[in-house]
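Trainee: This structure is in structure tokens; I'll ask about it shortly.
The values are calculated or read from the model by the stated rules, or taken from the named source; none is laboratory data. As the structure is a prediction and not an experimental result, all values here were calculated from the model. No Cβ is skipped: glycine too gets one built from the backbone with ideal geometry, and neighbour counts run over all protein chains shown. Note: areas computed on protein heavy atoms with side chains; ligands, DNA, RNA excluded. Shrake-Rupley method; radii C 1.70, N 1.55, O 1.52, S 1.80 Å.
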Amino acid sequence: MRIMLATDGSKNAQAAAAFLKELPFPPSTTLRITVVVTLPVFALDSPPIQEFTRTVLDEARGIADEAKAVLAPCGFAVETDVAVGDPKAEIVRLAEEWGADLLVLGARGLGLVKRFLLGSVSLAVARHARCPVLVVKGRPRKLGSVLVAMDGSEDSFQAVRFLQSLALPRQTKVRLLSVVEQLRYPSSAPQSVHGQIVRMLKELEAERRGELEKVLERAAAHLDDKVTRVTRSTPTGNPADEIVATADDHDADLVVVGARGLGGMARLLLGSVSERVLRHARCPVLIVKERPKKGDNPS
């Protein structure tokens with residue numbers, strides 16, 4: 001597995017490195033630590049400007065070396081890289097060029113020049129990177145409890161397959177969640193058919209719940225040989241709200257969602273649900289994507 005950690009040396013970026021250190025990746029994992037700095041454009045290339053540029057780049061290399069020291073005990077092959085440009089674009093470009101299987105970054109923080117703010121760099125990378133993206137937020141933690149949100153589509157199984165690729169401790173708690181979106185009563189419906197429509201909506205919700213329960217049963221079967229405790233739930237409500245609430249209620253250490261899907265999970269590449277989860281979850285969020293096949297048009 002090839003993992004890229006994008007760091008700016010901030011407190012939250014350091015938390016991302018600390019969380020990454022706790023994840024059970026295969027021994028053959030290769031890790032690249034990347035620092036992207038934005039330098040102002042000067043009209044002249046005078047000695048003071050050259051000295052300023054050297055200072056900023058030296059500081060960036062120091063940040064990369066500090067992160068490397070933190071992750072050295074993992075035993076992975078670790079390399080560092082410093083680039084100049086807009087972090088939103090450069091992180092995505094470098095991850096694509098290097099062939100990263102996972103891109104990791106902190107949710108917010110103040111770095112050399114550019115701020116890592118969820119909604120700017122973190123959200124832009126989560127939207128546009130073609131590989132899975134882990135956005136680390138909240139208190140430092142070890143991975144003991146994982147919430148996997150699924151919408152019933154085949155793409156949502158990418159989240160389960162990613163978990164399968166990790167050397168999870170057997171005692172890891174995994175909760176599989178599929179949210180049944182509540183069907184709205186049409187306001188224009190005549191009162192004379194109110195009871196009939198209510199019954200129909202309840203039947204449709206029950207049918208959808210049955211479909212999702214089969215999906216979760218199938219997903220649980222994939223994880224039976226990895227962990228000893230897998231629980232399933234299919235609440236009714238707003239998908240993003242239910243995912244965030246479930247993560248809070250069960251003190252999840254990680255929320256895993258798929259980037260695409262047929263239902264409310266991700267009607268857009270990173271649409272309303274995924275972005276709301278990224279913004280409001282108190283723990284790290286992993287957006288799992290299937291790398292597009294050669295020739296595919298990235299969306």
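Trainee: Between Glu205 and Ser120, with labels modelled 7 Å along Cα→Cβ, what's the label distance in nm to one decimal, could you check?
Mentor: 4.2
Trainee: Hey, rough spin-label estimate for Ala89 and His280, points 7 angstrom out along Cα→Cβ, what's it come to in nanometres?
Mentor: So the label points at Ala89 and His280 sit 3.4 nm apart.
Trainee: Find how much the distance from Lys68 to Ser233 grows on full extension, using 0.36 nm per residue of separation minus their present alpha carbon separation; answer in nm with one decimal.
Mentor: 55.4 nm
Trainee: Please give the per residue accessible area of the stretch 39-181, computed with a probe of 1.4 Å over protein heavy atoms only, in Å².
Mentor: For the stretch 39-181, the per-residue accessible area is 45 Å².
Trainee: Among residues other than His250 whose Cβ falls under 11 Å from its Cβ, what is the net charge (Lys/Arg +1, Asp/Glu -1)?
Mentor: -2
Trainee: At 7 Å along the Cα-to-beta-carbon direction for both Thr38 and Glu22, put a label point, then send me their distance in nm to one decimal.
Mentor: It works out to 3.1 nm between the two label points.
Trainee: Can you tell me how much longer the chain between Asp248 and Arg170 gets when fully stretched, taken as 0.36 nm per residue apart minus their C-alpha distance, in nm with one decimal?
Mentor: Additional length available on full extension: 25.8 nm.
Trainee: List every residue whose amide H lies under 5 Å from the amide H of Arg175, counting only residues 5 or more places away in sequence or on a different chain, with H placed 1.01 Å from N in the peptide plane.
Mentor: Under 5 Å from the amide H of Arg175: Val146, Leu147, Val148, Thr231.
Trainee: Where in the stretch 22-109 are there chymotrypsin sites (Phe, Trp or Tyr not before Pro) that are in a DSSP coil and have at most 14 other Cβ atoms within 10 angstrom of their Cβ?
Mentor: Filter output for the stretch 22-109: Phe42.
Trainee: Same structure again: Just order 163-175, 275-287 by mean Cβ neighbour count inside 10 Å, highest at the front, would you?
Mentor: 275-287, 163-175
Trainee: Given contacts defined as C-alpha pairs under 8 Å and at least six residues apart, what's the relative contact order of the stretch 1-132, whole-number percent?
Mentor: 37
Trainee: Percent of accessible area on the stretch 19-139 owned by carbon and sulfur, 1.4 Å probe?
Mentor: Percent of accessible area from carbon and sulfur atoms in the stretch 19-139: 54.
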